[in-house]
Amino acid sequence: MQGIYLHIPFCRQACRYCDFFFSVSLRYVDDYVENLIREIELIAGQRRRTEVETLYLGGGTPSVLSDQHLEKIVEAVHKHYTFREGAEWTIECNPDDLSPVYLKQLRNKGFNRISIGIQSFHEKDLELMRRSHTSIQAEQSVRDAAAGGFENITMDLIYGIPGQSLREWEDNIEKALALPVSHISAYHLTFEPGTVFDHWRKKGRLLPVHEEESVSQFRLLRERLPDRGFDHYEISNFALQGNMSAHNLLYWSGKSYTGFGPSAHSYDGTDRSWNVSSLKKYMEGISAGAGFNETEILSHQERYHDYLITSLRTRWGADPEFISQQFGDEIFRHFDMESKPFLEEGTLWTIDGKVAIHPDRWLLTDHILRELF
Ligand code: SF4
């Protein structure tokens, strides 16, 4: 196993666009941490022990955890797993949680990479999305993280926000680039079923941005970030040299990982498993020692789909030789035939023997994947 993901399913308030699994009731945090540790004990005994390359605390909002909570979790992780030297330890945080004292505690626990959910530096966007922080806190948190000893800082930004002009998006990019970050993740806003934004869109209260606007905003990203040394290595991710997300690279290169906490997924190279997406059922299952997760053995075709979904998100793309070796002749011939028209029109291109989506066409990824399946 090469990566560990710990899901912290709590947030101070619900952002209007978000469909992740989380609860805004913080009264279960103490119990939850005990259950998470119990799951680590249960699972660690069942799996082969190898050196772990990455640890990732995601959510939800892991920075709602206190220093004492983190102490307990980190202790359990160290007790059951061995990390390779220099392993990447990432924690997702919201700007309003990052006091200098808390940042110091995170460094002392061993976190060497911090992911800050900024989303926008414009107050009107933050209010529309119902983020829990202000634009001033957003900027200050990045500066404080750097002053607190974090050299590897990544921030999340969102574009395609209704009402956001190209000029405002440009301003967000420039503000991000003026801060000491080594990595930027920029996601296009999506209207996920069940979210407030989706409800407002159906009622006509919120209009998605026009496709041309999305393309212009994406182009601006692709112009500005590489200009300042950021490698556009995945649809939504840009990194200065040596600062790609090691944890996400595990996902995108089909390596194994174990996820803990409700809704967390695991993959061991052949089997995929996932925990229930319910805090109550998860805690009951952990107490009973069973019934909190499900496993499926992936067919050749499912593994091929997973491989395409992950590899074609990256700039190095899918390896035809790997497809032939891993998934057999029939799937290889299908891939070869379906990719041809895209290669001819330039949507796909070949780099070092691999087939990749041309970065200018990354916004078409879903359409291309449908055809290749
Ligand atoms: S976007 Fe992040 S902080 Fe907001 S509700 Fe979703 S998980 Fe919580």
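Worth pointing out:
- As a length-normalised measure over Cα pairs under 8 Å and 6 or more apart, the relative contact order of the stretch 3-251 settles at 18 percent.
- Taken about its Cα centre, the stretch 263-361 carries a charge dipole of about 420 debye when Lys and Arg each add +1 at the Cβ and Asp and Glu each add -1 at the Cβ.
- Normalised by the number of residues in the stretch 299-373, the mean separation of alpha-carbon contacts (under 8 Å, six or more apart) gives a relative contact order of 36 percent.
- Legend: ranking of residues F332, F292 from fewest to most surrounding C-beta atoms inside 10 Å; resulting order F332, F292.
- Prolate/oblate/rounded label for the stretch 3-251 (Cα gyration tensor, a/c 1.5): prolate
- Anisotropy class of the stretch 28-154 from Cα gyration tensor, a/c 1.5 cut: prolate
- Using the Cβ-Cβ distance between Q241 and D171 with R0 set to 22 Å, the FRET efficiency works out to roughly 0.25.
- Comparing I286, F20, W89 along the charge dipole axis of the chain, the residue lying farthest to the positive side is I286, per the Cβ-charge model.
- Going from the fewest other Cβ atoms within 10 Å to the most, the residues E139, E330, E41 appear in the order E330, E41, E139.
- Packing-based exposure ordering (other Cβ within 10 Å, fewest first) of V215, V77: V215, V77
Rule-based calculations on the coordinates, nothing more; no lab input. Model, not experiment: these values are computed from the prediction. Heads up, the Cβs are rebuilt from the backbone with ideal geometry, glycines too, and the neighbour counts pull from every protein chain shown.
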